[in-house]
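Trainee: So that we are looking at the same thing, I have put the structure below in structure tokens.
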Amino acid sequence: MAPTKSCGDCSLCCKLLGIASIAKEPGSWCGHYRRGSGCGIYADRPGECRAFMCEWLLSKDFGDEWRPDRAKFVMQYEEKTNRLSVVVDPAQPLAWKREPYYGGIKRLSERVEQGAQVIVCVGAQRIVIFPHEDVDLGPCAPNSRIVSGYATQNGERVAYALLMKDEATA
Ligand code: SF4
Ligand code: SF4
């Protein structure tokens, strides 16, 4: 999908995301990032950096206030798992709770009805978002995976989110 916007001065993915090929940990600025001029190795940047496009960049549904450097979080959709991750700047861990963001994230969580997951990530903390509740799983190991959805309990429909050990990466 071609982006409908441009990154402009935003470089927040260079802080929040991990880049395996250069051993860049998530949550802190990349060693190649230069304030004011962006990537210091732009022509030779890793393939992950070349390929990455956040949801703000891709979707017409998000206005300028959702640009990651303003919102203080990066939204990343993974088709394989049907998961929307909201990766929050650990320097502003409650940024996603502000409006219009929180209400917008709740609306996005209506995708749960189609089997999607919407997960807020603040450092290792994972919070699974449903339209009518948030399930805070606390700090999660990198090799764990989250299973979530709805189940029927005592005749009532209840949201659930569980942490499972991911056999593929354990
Ligand atoms: S977070 Fe999105 S808008 Fe910001 S630099 Fe990365 S891809 Fe561009
Ligand atoms: S290599 Fe460049 S584009 Fe990739 S994370 Fe580092 S600063 Fe950003």
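Trainee: Counting other Cβ atoms within 10 Å, which trypsin sites (Lys or Arg not before Pro) in the stretch 66-170 have at most 11 and lie in a DSSP loop?
Mentor: Lys80
Trainee: Distance from the Cα centre of the stretch 102-170 to that of the stretch 10-57, in angstrom?
Mentor: 27
Trainee: While we're looking at this one, here's another question. Express as a percent, rounded to the nearest 5, the fraction of DSSP beta bridges in the chain (both residues included) that run antiparallel.
Mentor: 85
Trainee: Once you mark the chymotrypsin sites (Phe, Trp or Tyr not before Pro) that are in a DSSP loop and have at most 16 other Cβ atoms within 10 Å, what is the longest gap between them in the chain?
Mentor: Formally, the longest exposed-site-free interval is 53-170.
Trainee: Right, next: Loop-only trypsin sites (Lys or Arg not before Pro) in the stretch 13-42, please: DSSP not H, G, I, E or B, and at most 15 other Cβ atoms within 10 Å.
Mentor: Arg35
Trainee: Here is a follow-up. Using the Cα atoms of the chain to build a convex hull, what is its mean projected area in square nanometres?
Mentor: Computed as one quarter of the Cα hull surface, the answer is 10.9 nm².
Trainee: Now a separate question. Under 23 Å between alpha carbons, and skipping anything fewer than 8 positions from Lys15 in its own chain: which lysines qualify?
Mentor: Here the lysines satisfying the reach criterion relative to Lys15 are Lys5, Lys24, Lys72, Lys97.
FYI, it's all coordinate maths here, none of it is from the lab. Here the structure is a predicted model, which is why all the values come from computation and not from measurement. Please note: Cβ atoms are built from the backbone with ideal geometry, for glycine as well, and neighbour counts cover all protein chains shown.
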